[in-house]
Structure formats: structure tokens, C-alpha cells
Amino acid sequence: MSSPLLAVEGLSISFPGEGGHMRVVDRVSLSVAAGETLALVGESGCGKSMTALAIMRLIPKPGRIEPGGRIQFEGRDLLSLSVPDMRAIRGARIGMIFQEPMTSLNPVTTVGDQVMEAIELHADIPREEARGRVMELFGLVGIPDPKSRFVAYPHQLSGGLKQRVLIAMAMAMRPRLLIADEPTTALDATIRAQILELLRDLSAKTGTAVLLITHDFGVVNEVADRVAVMYAGQIVEQGTRVELLSRPRHPYTQGLLRSIPKAEARGHRLEEIKGTVPRPGHWPSGCRFHTRCPFAFAPCPIEEPVRTPVSPTHAACCHLVEREVQP
Amino acid sequence: MHWVSNIIVLLLILGAIYAGRYAARDRFWRENAIELWRRRPVAIGVIAVYLFIALLDSISWVDPASEANALTSGRARTIIDRIFRPETFKEASYSAPLASVAFYGGQPLLHPGAHALGTDLLGRDVVYRTLKGMRVALLIGGLTSLVVIPIALLFGVTAGYFGRRIDDAVFFAMTVLASVPSLLLLIALIMVLGKGTVQVCVALGVTGWVHFCRIARGETLKLREADFVAAARALGVRDGTIIRRHILPNIAHLVIITFALSFTALVLSETILSYLGIGLDGSWGQMIDQARNELSRTPIIWWNLAGASVALFTLVLSVNVIADAMRDIIDPRTRREGR
Amino acid sequence: MAAYLTRRIGYGLVTVFGVLFLLFVLFFAVTDPDDIARKAVGERARPEVYAQWKKNHGYDKPLFINMQASDAKRYTDTLLFEHYRRMLTFDFGRSDADDSPISSRLREGAGPSLSLTVPLFVFGLALSVAVALFVAFFRETYVDRLMLVVCMLTMSVASLLYIIAGQYLVGQLLKWFPISGFDPDPAVIARFLALPVLVGVVSGFGADTRFYRTIFLEEISRDYVRTARAKGCGDARVMVRHVLRNALIPILTNVVVQIPFLFTGVLLLESFFGIPGLGALTVEAIQGNDFSTLRTMVYLGALLFILGQILTDISYALADPRVRLG
């Protein structure tokens with residue numbers, strides 16, 4: 001872990017709103033090493049998608065990245081790159097796939113042309129060669145009968161196939177990092193498993209690192225090497241998959257894990273985290289989870305907890321953990 | 001006739017008060033109204049002034065015989081008439097703004113320096129005529145829409161909600177009416193019905209209802225499939241109640257925006273009717289039409305045209321601005337994309 | 001596609017029948033043919049002249065059922081049947097005002113109308129779409145806001161005023177072009193058309209540009225645009241390759257429906273600028289109480305609109321693979 005592939009440090013994103021700027025992402029730091037898969041987990045509205053878009057510098061207007069944060073990728077600060085330089089990174093060094101395969105493809109162009117565009121934008125190669133590459137890619141992502149799919153329009157493909165096309169597009173230039181924003185949320189359960197397997201295979205085969213955004217611990221369990229849990233615009237716990245799934249330290253992570261249906265708990269009432277996610281930008285004071293936390297005590301509403309390491313690879317932001325670790 | 005106008009004014013005021021009180025109770029309307037006022041105070045102010053002047057020009061009464069003189073006896077006069085006294089406050093013919101002598105001939109005026117925008121061919125004060133036009137403009141746009149909206153809602157909502165035969169019939173009627181280019185249909189209707197305020201408003205109404213109806217039908221179709229309507233149905237709520245409680249409140253904002261947009265279209269199309277000689281008496285369109293040839297005189301006579309067009313432009317612009325702001329507030333559709 | 005086309009055309013025909021019925025109600029049932037005749041021949045005309053005029057112009061039959069006739073004639077020898085027969089066979093008869101055959105006047109007017117409307121349509125469309133694309137590119141900047149203000153201002157002005165102002169400024173003050181008139185000679189025609197085309201383009205600019213801008217912005221907000229950006233497309237490429245191509249579908253539906261109206265001309269512009277087209281003919285008919293000409297124009301307008309709708313649906317089907325390939 002001397003120099004990670006991607007290192008996000010102190011990233012804050014704000015949107016103008018009533019009474020000034022609302023920070024939807026607040027001082028987020030995370031890193032992804034070459035070849036590993038980091039899952040960024042959280043409920044909707046916690047800012048995980050915004051974090052992903054910020055890495056691509058595709059934050060929707062009028063949102064903006066606040067000065068002070070850094071996004072180091074392959075040793076360069078993405079936030080200080082010129083627009084053309086950033087464009088050369090998008091799609092070539094970092095690929096991205098989205099939640100909605102149904103609407104993420106251009107409806108009036110064939111899918112083959114759309115994948116080919118990703119190649120032509122970054123590589124100056126003859127059309128025939130690019131075409132061949134697309135066929136290869138279609139084979140790689142498991143699209144049967146690539147020749148006839150090449151000339152198909154998006155509406156002629158199923159959701160799973162569309163997501164495969166999008167993955168092919170994102171992988172077209174063999175990027176070092178693939179950002180997958182809830183890639184399976186809109187898909188059926190059976191197809192979900194296939195797509196996850198594909199992502200795992202691709203990562204193993206090509207050595208591409210994956211930043212996987214999800215709200216589903218089932219997905220985390222299947223593909224992640226490390227996990228970062230986000231709540232209310234901040235990362236509250238980070239660690240390896242085993243550490244996080246077997247010994248979660250933050251009450252929020254514990255709550256999330258308890259609310260997953262398990263086979264052995266059949267017949268018991270499923271636990272849930274009480275209360276609702278606060279509105280983006282309208283976060284509670286102190287520890288932002290204190291309004292829903294079953295263990296909240298005196299300092300929680302007042303003081304913001306600091307990141308406390310519990311092992312070299314595991315850290316949590318919680319007053320309880322602070323007390324336990326400190327002598 | 002003047003008491004009909006008075007009663008309509010009274011009804012409109014009562015309706016406005018009722019609508020205002022309803023809106024004040026409802027959170028959605030109250031918040032949107034406050035936001036609208038915060039964003040577009042000037043345009044709202046302009047509309048308020050226009051409404052006020054139109055109101056002053058809509059309330060009229062006949063003086064008792066003892067107080068009337070030869071020029072006013074037996075005629076209902078509005079408040080604007082009583083302020084300007086057009087019977088005496090006029091000249092022989094054209095005079096420039098604030099002039100003290102007539103435009104042609106140079107005879108001294110009866111009211112030197114008193115006509116802020118001069119007088120027209122017949123010596124009438126242009127300010128007075130412009131102010132009178134406000135009532136006509138609001139009548140064209142407002143009254144027509146107010147008559148048309150309930151009818152269009154009735155057809156549109158029932159067609160969208162009940163579907164099948166009713167929908168087929170309404171849809172066919174809409175297709176037929178929409179097939180005839182609206183200006184031509186309007187002209188044909190006025191030619192057939194004859195000229196006059198009521199006729200023109202009826203003609204404008206017949207051509208205008210299709211638009212409202214289509215929007216009401218489309219939205220109702222969408223809402224009918226919405227979960228909360230399905231839930232209400234599953235609970236056995238009666239159709240009439242569902243329409244009143246769930247459908248109408250949810251298309252009201254669209255109706256208002258469409259109202260604003262059709263208002264400007266109506267007011268603007270009246271100028272075309274005026275040019276064709278089938279417009280409303282005393283409208284700005286007529287003033288503009290009459291002023292057509294005045295520009296070719298030397299020195300040019302511009303005040304008649306200026307008075308009417310500035311008043312028309314300000315009204316249409318204000319309504320357009322408000323309609324735009326309303327659409328933004330109610331349907332922000334935040335544009336999500338980056339750079 | 002064939003079945004769709006048949007159904008579409010069938011519905012179009014039914015609509016034509018509906019329109020004809022509407023016209024019948026307006027021009028025969030609501031308007032008393034006697035009134036039309038009296039207006040045409042004068043109040044003091046002798047009864048024979050009056051009756052003859054009614055016969056010549058086909059107003060001398062009962063509305064729905066002819067009690068004097070027998071068998072089928074009872075239903076065919078009526079105003080309703082005649083109205084349908086004549087309109088459907090394009091036999092428009094003679095003008096109520098001056099007895100001239102309407103068909104030949106339509107033929108004379110179509111040329112001048114087209115010479116005005118085609119350049120007006122082409123320039124107006126090109127300008128609005130180009131400006132809208134430009135503005136959408138600079139969305140949420142001061143360029144965009146300034147353009148929106150300009151659109152809002154220009155669309156709040158009555159078209160009558162544009163004509164008056166255009167004639168005064170360009171024709172009278174600057175004296176660039178003649179104020180009005182027409183000469184089909186290609187060498188000089190542009191001199192006469194320049195001013196009306198200019199005025200027409202300006203008066204339609206605001207509303208059209210705003211409309212196209214909305215279409216572009218709607219397309220820009222779609223998910224596939226984000227995908228295109230994520231694969232490294234630049235702004236200009238996103239606009240042209242992705243947004244414009246998708247926006248063409250709604251633009252097309254808006255444009256194709258206007259094409260048939262190029263034939264019927266523009267009422268105000270033609271009348272004001274002395275272009276002897278169909279628009280001017282309509283204005284003349286209105287001012288001269290010429291019901292038969294007006295009726296014909298309304299019918300033609302509706303017919304062309306229905307045709308335009310069918311064309312729109314077909315072109316829509318051709319342009320959008322989702323529709324074309326089912």
C-alpha cells in the first residue's frame with residue numbers, strides 16, 4: 001500500500017440550497033490499491049454516488065467540489081487537471097458504469113457504435129480494428145452472438161445485456177480503475193449474480209481495480225476486498241471485508257448487517273435501523289448517526305467522533321470505539 | 001347591461017377571495033405563492049396594477065337624473081370614465097403628447113399640456129384609451145379562459161378517468177377541432193357568429209378548450225395509474241370523490257400554467273383579429289391597427305401606437321414571466337449533468 | 001408498419017369527415033344561407049336575382065332531408081350531401097363575393113405563398129435550432145440567461161407590431177427594401193420577399209428557440225449523456241453526436257407538421273406586404289364576407305394539417321429505431 005492507485009483525501013461536495021451551501025459529501029477519504037475491489041456502502045442519499053461522480057469530475061451542476069480536497073490517481077491530482085486531460089482519463093484510465101442500464105445507452109445508435117466510440121475517442125486506430133476490438137470485448141463480457149448484437153439498438157436488448165454492453169464500454173480501453181455505481185440494483189436477482197461474477201472475473205483477468213458503490217451487503221460479500229461504509233456524507237467505518245462483516249465496530253454498520261435476512265434467523269423478526277436517513281445536507285450535529293443510534297450517550301450529539309484505528313486495516317468513527325481503544 | 005358586468009365583477013372578486021383562502025390553507029399553494037412573489041415581485045405588481053385598473057373600469061353606475069348633465073345622462077359610466085371625463089376631456093383631432101396646440105393647424109387646445117400621450121384622430125385622450133384597453137385585454141384572455149377551463153376540465157378529466165367510449169368521443173372531438181388551424185377556425189367562428197365581445201370570447205373559447213382538454217386528459221390518464229389513486233380505488237372510494245380529492249388538486253398547477261400561457265396567446269391573437277376587422281371595440285389591437293398609417297405621416301404620429309403597444313407588451317411580458325417562474329417553481333426538473 | 005400506416009390513414013379520413021361536419025354546422029346550419037345570399041346580391045335585389053344567385057352558388061337546397069325529392073335523392077339532394085361531395089372531390093365552386101372560380105385562385109395563390117413561406121420556414125428553423133443548440137451548450141451561464149431574456153422579450157410583442165415596425169424601420173427609414181409588392185421575376189423577387197421574411201423570422205424566433213432549447217436541455221439531462229461523458233466525450237461531441245441526434249426526433253415531429261401549411265401562406269405577412277398568395281386571399285375573403293372561399297381555406301388548412309400529422313407519425317417511425325424496429 002505504498003502508493004495506492006486512487007487516493008481520495010478530504011473530498012467535500014456542496015450544492016447551493018436554502019441558506020447557503022449544503023455539503024452532501026463531507027471530508028471523505030478513501031483509497032483503492034491496484035487490482036483490489038473496494039465496496040462503498042450506504043443507504044441512498046448518503047453521498048456515495050456523488051463521491052463516485054466526483055472522481056470522474058462529473059458532478060451535476062450546480063454542485064461543486066470544495067477546495068482543499070484531493071483526488072490522486074496514478075500519482076496525478078485529478079482535480080487540478082485541465083478539461084482535455086481529464087477527458088483523456090475518463091473512459092481510458094477510469095471506466096464507469098451506472099445504475100440504470102435501461103436509460104444509460106443512447107437509444108438511437110447501435111450498441112456496437114457506442115462501444116466503438118469509447119475506443120475511437122482514445123485510440124487512433126482504423127475502424128475495422130476497432131470493430132474487431134468491440135467484438136472481442138463483447139465476447140469478454142459474455143454477450144452471446146457479438147456480430148448480430150453489434151448492430152442492435154439498445155431497446156432490442158434485455159437489461160442484463162445492456163449492462164454487459166455498458167461494462168464492455170467501460171472496459172474498452174482496459175482502464176486501471178472501474179467505478180461501478182449500483183450496477184446490479186435495477187436488475188433481476190438471477191442476472192445480478194451473473195453481472196457480479198463478470199465484474200469479479202474481469203477484475204481478476206485484467207487487474208483492473210473496482211470501486212463498487214452499493215447499498216447491498218450481499219453484493220459486498222461476493223466481490224469486495226475491502227469495504228467503506230458511508231453515512232450522511234461521511235465515511236464511518238473502513239476495513240477489510242472479513243473485519244467488517246465479522247467484527248463491525250460502528251453501530252451503523254452493525255445495524256446494516258443485522259437488517260440483512262439470514263437463513264438461520266428464519267422465523268425471527270428482521271431487525272431494522274430506527275428512524276430515517278437525514279436529508280442530504282441537513283445533517284445532525286456531533287456524530288451524525290446519534291439520532292438513530294441505540295448506544296448514543298452524552299458526547300454523541302455535541303462532539304464529532306474522530307477516526308479511530310482498531311487494527312492496521314480497520315478504522316471507525318465512533319465515540320464508543322474511541323473509549324474502548326483509549327486506555 | 002351595466003349591472004351584468006357589475007355582477008360578474010362581484011362574482012370574480014368573491015371567487016378570487018375563495019381561491020385565495022383555499023390556497024392559503026394548502027401548504028403546496030402557499031409555499032409556491034410565496035416563492036413566486038419572492039422571485040417575481042415586479043411582474044406580479046404589474047399584473048396587480050392592470051387588474052386594479054380593469055376593475056375600476058368594470059364597475060359602473062348611472063347617475064341619478066338630478067346629478068347628470070346633458071352629456072352623461074342615462075349612461076352608465078365606470079370609475080375610469082368618471083376620473084377622465086372623456087365627454088369633455090378631448091380635442092378636435094390629433095395633438096402631440098403634452099402639446100398646447102393642435103397637431104394640424106396649430107389652434108390652441110382645450111386642455112393644453114394635459115394629454116400626457118396626446119390625442120388620436122378623433123381627439124380622444126390616448127392615456128384614457130390605453131387604460132380602457134386593459135379591461136378589454138383582461139376580458140379577452142381572462143374571461144375566455146375562465147369559461148373554457150371548467151368545460152375543458154369536465155371533458156378532459158372524465159375522458160381520462162373513465163376511458164373507453166367517453167375517451168374515444170372526447171378524443172375524436174379534440175382531434176377534429178385541433179385539425180383546423182386555430183386562427184382560421186377562430187376567424188370562421190367570428191364570421192359565422194358575428195362581431196361582438198361575447199361572440200369573440202365564445203369563438204376564442206371554442207378554439208382554446210382543446211388545448212386545456214388535452215392537458216387535463218393526459219394528466220388524468222397518468223394519475224389514474226398512480227399508486228395513490230389505485231389505493232383509493234382499492235379502498236372503495238367513489239369515483240367522484242377520487243376525482244375531486246386526488247385528480248383535480250394534482251392537475252391544478254398545470255391548469256394554472258396553461259391558463260397563463262393561453263392568456264398571452266389570446267391577447268396577442270386579438271391584435272390579428274383587429275387587423276382583420278373582427279376584433280373587440282376599444283382593444284389595443286384596434287389602436288395599433290388604427291395607428292398603422294400614422295407612421296407614414298410627416299412628422300410621424302407615434303403616441304397612439306406607443307401607448308397601446310407598450311401597454312400590451314408589458315402585460316404579455318409580465319404574464320409570460322410569471323408563467324415561466326411558476327413552471328420553474330412547480331416543475332424544477334433539476335438538470336443533472338457535469339462538465 | 002403497413003398495418004400501422006393503414007390504421008393511421010383510416011383515422012385521418014375519419015377526422016376529415018369530422019372536420020367537414022364541423023364546417024357544415026358552421027357555414028350552413030349556424031349561418032343562414034339566406035343571409036349570405038342577401039349580403040352578396042344586396043338587400044334590395046329582386047327575388048329572381050336572389051333565387052338565381054342561391055341556385056348558382058348551391059345554397060338552394062334543404063339542409064339534411066329533401067322532402068320534395070324521392071328515394072335516394074331525398075338524402076343526396078341536400079346541402080349536407082352536396083357539401084361533402086364537393087369538398088371531397090375538390091370541387092370548390094365559385095367565390096361568394098365576385099363569382100370567380102375558387103380553384104383557379106388557389107392555383108394562382110400557391111406560388112407566391114410558397115415563395116414567402118419556404119424561405120421563412122428554412123431560415124426560421126435554421127436560426128432557432130442553431131441558437132437553441134448554442135444556448136443549450138452554454139446552459140446556466142450568462143449567455144443562456146441573456147438569450148432567454150431576449151426570447152421572452154421578443155415573444156411578448158404582437159406580430160402586428162413587428163410588421164408595422166419592420167415596414168417603418170427597414171422600408172421607410174432605411175429604405176433597404178420596398179415596403180410592399182410582389183414580382184415573380186426571379187431577378188427581383190428577393191427584393192420584395194426580404195422584408196416579410198425578415199419580419200416573419202424575427203416574430204417567430206423567441207417562441208421557437210425556447211421550445212428547441214427545452215428539447216435540448218431535456219436530452220442533456222438523460223442518463224446516456226452521462227455515459228457518453230464517462231467514456232470521455234467532449235462537450236461539443238456530446239452535443240452533436242448524442243444530444244442533437246436524439247433531439248432530432250421531437251424537433252422533426254414539430255417541423256413536419258408545419259410543412260403542409262407552407263401552401264396556405266401567412267395571413268398577416270402576405271396581406272401587409274402585398275404578396276398575392278393564399279394568406280392574402282383569406283384576408284380578402286374575411287373582409288369581403290366571402291364565405292365559400294373562407295370555407296375552402298379552412299377545409300384545406302385542416303386537410304393539410306391532418307396530412308402533416310400522418311407525415312409526422314411516419315417520419316417519427318422512420319427516425320426512431322424504437323418505433324421502426326418495434
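Which value, in Å³ per residue, describes the convex hull spanned by the Cα atoms of segment B:256-333?
Dividing the Cα hull volume of segment B:256-333 by its residue count gives 96 Å³.
Can you give the Kirkwood hydrodynamic radius of segment C:113-220 from its Cα pairs, in Å with one decimal?
Result for segment C:113-220, one decimal place: 15.0 Å.
Counting only C-alpha contacts under 8 Å and six or more residues apart, can you give the relative contact order of segment C:2-88 as a whole percent?
22
Summing Lys, Arg as +1 and Asp, Glu as -1, what charge do residues with Cβ under 12 Å from the Cβ of C:Ile164 carry, C:Ile164 excluded?
Neighbour charge sum, excluding C:Ile164 itself: -1.
Which log10 I(q)/I(0) values does chain A give at q = 0.07 Å⁻¹ under the Debye formula, counting every alpha carbon as one identical point scatterer?
Debye curve over Cα of chain A, log10 I(q)/I(0) at q = 0.07 Å⁻¹: -0.30.
Taking every pair of distinct Cα atoms and averaging 1/r, then inverting, what Kirkwood hydrodynamic radius in Å comes out for segment B:93-184? Spell out each step's value before the answer.
Values: mean 1/r = 0.0576 Å⁻¹.
Evaluated on segment B:93-184, it is 17.4 Å.
Could you work out, for the protein assembly as shown, what percent of all Cα-Cα pairs fall into each 20 Å distance bin, beginning at 0 Å and stopping at the bin that holds the largest distance?
Percent of pairs per bin, in order: 11, 33, 32, 18, 6, 0, 0.
Past the 28 angstrom mark, what percentage of all C-alpha to C-alpha distances in chain B do you count?
That fraction is 53 percent.
Taking segment A:74-175 on its own, what percent of its Cα-Cα pair distances exceed 24 Å?
22
Compute from the Cα atoms of chain C the Rg and the Dmax, the latter being the longest Cα-Cα distance, and quote both in angstrom.
24.7, 85
Rolling a 1.4 Å sphere over the protein heavy atoms, what is the accessible area per residue of segment A:208-308, to the nearest Å²?
Details: 5050 Å² over 101 residues.
Ligands and nucleic acids excluded, the figure is 50 Å² per residue.
Would you mind classifying segment B:202-339 by shape? Square roots of the alpha carbon gyration tensor eigenvalues, ordered a ≥ b ≥ c; an a/c under 1.5 is rounded, otherwise it is prolate if a/b is larger than b/c and oblate if not.
prolate
Just to confirm the number: angle between the C-alpha axis of helix B:248-275 and the first principal axis of chain B, 0 to 90 degrees, nearest 10?
With rounding to tens, the tilt is 30 degrees.
Using r as the Cβ-Cβ distance of C:Lys175 and B:Leu12, and R0 as 41 Å, what FRET efficiency do you calculate, to the nearest 0.05? Could you put the intermediate results ahead of the total?
Details: r = 50 Å, r/R0 = 1.22.
Efficiency computed from Cβ-Cβ geometry: 0.25.
Counting only other residues whose beta carbon sits under 11 Å from that of A:Arg131, what net charge do I get with K and R as +1, D and E as -1?
It works out to a net charge of -2.
Of all the accessible heavy-atom surface of chain C, with the other protein chains kept in place and a 1.4 Å probe, what percent is carbon and sulfur?
65
Kindly write out, for segment A:274-288 in residue order, the coupling ³J(HN,Hα) from the Karplus curve 6.51 cos²θ - 1.76 cosθ + 1.60 (θ = phi - 60°), rounded to whole Hz, with x marking Gly and Pro.
6, x, 10, 4, x, 5, x, x, 10, 7, x, 6, x, 6, 5
Per Stokes-Einstein, at 4 °C and 1.567 mPa s, what whole-number D in µm² s⁻¹ belongs to segment C:269-326, with the Kirkwood radius over Cα pairs as the hydrodynamic radius? Each step should come with its number before you reach the end.
Values: Rh = 13.6 Å.
Translational diffusion coefficient: 95 µm²/s.
Semi-axes of the equivalent ellipsoid of segment B:2-84: what are they in whole Å, largest first, if each equals the square root of 5 times a C-alpha gyration tensor eigenvalue?
With the √(5λ) rule applied to segment B:2-84, the semi-axes are 36, 15, 6 Å.
Which helices pass in chain C if a helix is a full DSSP H run, must span at least 18 angstrom along its long axis by Cα, and must have mean Kyte-Doolittle hydropathy not below 0.5? Let's see the in-between values first.
Working: long enough: C:2-24 (33 Å, 1.47); C:102-137 (49 Å, 1.41); C:142-155 (19 Å, 1.59); C:189-220 (41 Å, 0.99); C:291-319 (41 Å, 1.33).
Span-like helices, by this rule, are C:2-24, C:102-137, C:142-155, C:189-220, C:291-319.
What accessible area, summed over both chains, is buried at the C-B interface (1.4 Å probe, Å², nearest 100)?
Values: alone 18160 and 19090 Å², together 33070 Å².
Using a 1.4 Å probe, the pair buries roughly 4200 Å².
Describe numerically, in nm with one decimal, the distance between label points set 7 Å from Cα along Cα→Cβ at A:Arg279 and at C:Gln52.
8.3
Return, for the Cα atoms of segment A:19-124, the radius of gyration and Dmax in Å, separated by a comma.
For segment A:19-124, the Cα radius of gyration and maximum Cα-Cα distance read 15.6, 49 Å.
Compute the angle between helix B:126-138 and the longest alpha-carbon principal axis of chain B, please, reported from 0 to 90 degrees and rounded to the nearest 10.
20
Between A:Ala204 and B:Arg165, what is the label-point separation in nm under the 7 Å Cα-to-beta-carbon projection?
6.6
Given points 7 Å out from each Cα along the Cα-Cβ axis, report the B:Asp26 to C:Leu127 separation in nanometres with one decimal.
Simple spin-label model gives 4.1 nm for this pair.
Sum -39500 (n - 2.57) across every DSSP H segment of at least 4 residues in chain B, then divide by the residue count to get the 222 nm mean residue ellipticity, nearest 500.
Rounded to the nearest 500, it is -21500 deg cm²/dmol.
Cα convex hull of segment A:247-321: how many Å³ per residue?
114
With angles folded into 0 to 90 degrees, how steeply does helix B:197-224 sit against the dominant principal axis of chain B? Use alpha carbons for both and round to 10.
Helix B:197-224 sits roughly 20 degrees off the main axis of chain B.
Between B:Thr88 and B:Ala48, what FRET efficiency follows from the Cβ-Cβ distance if R0 is 30 Å, with the result rounded to 0.05?
0.45
With the cut-off at 13 Å, report for segment B:127-179 the share of all Cα pairs above it, as a whole percent.
68
Grab the other residues whose beta carbon is less than 12 angstrom from that of C:Arg105, score K and R as +1, D and E as -1, and report the net.
-3
Return the value, in Å² to the nearest 100, of accessible area buried between chains A and C (probe 1.4 Å, both sides summed).
2300
Give me D for segment A:67-108 in µm² s⁻¹, whole number, from Stokes-Einstein with Rh from the Kirkwood sum over alpha-carbon pairs, 10 °C and 1.306 mPa s. Before the final figure, lay out each step's value.
Numbers: Rh = 12.4 Å.
My calculation gives 128 µm²/s for D.
Scaled to the compact-protein estimate 2.2 N^0.38 Å, what is the alpha-carbon radius of gyration of segment C:2-88, rounded to two decimal places? Intermediate values should be presented prior to the final figure.
Working: Rg = 16.6 Å, N = 87, 2.2 N^0.38 = 12.0 Å.
Normalised Rg, Cα atoms only: 1.39.
The values are calculated or read from the model by the stated rules, or taken from the named source; none is laboratory data. Because the structure is predicted, anything quoted here is derived from the model rather than measured. A quick note on method: Cβ atoms are made from the backbone with ideal geometry, for glycine too, and the neighbour counts reach across all protein chains shown. For the accessible areas, the whole protein counts, side chains as well, though only heavy atoms, and no ligand, DNA or RNA atoms are used. Shrake-Rupley method; radii C 1.70, N 1.55, O 1.52, S 1.80 Å.
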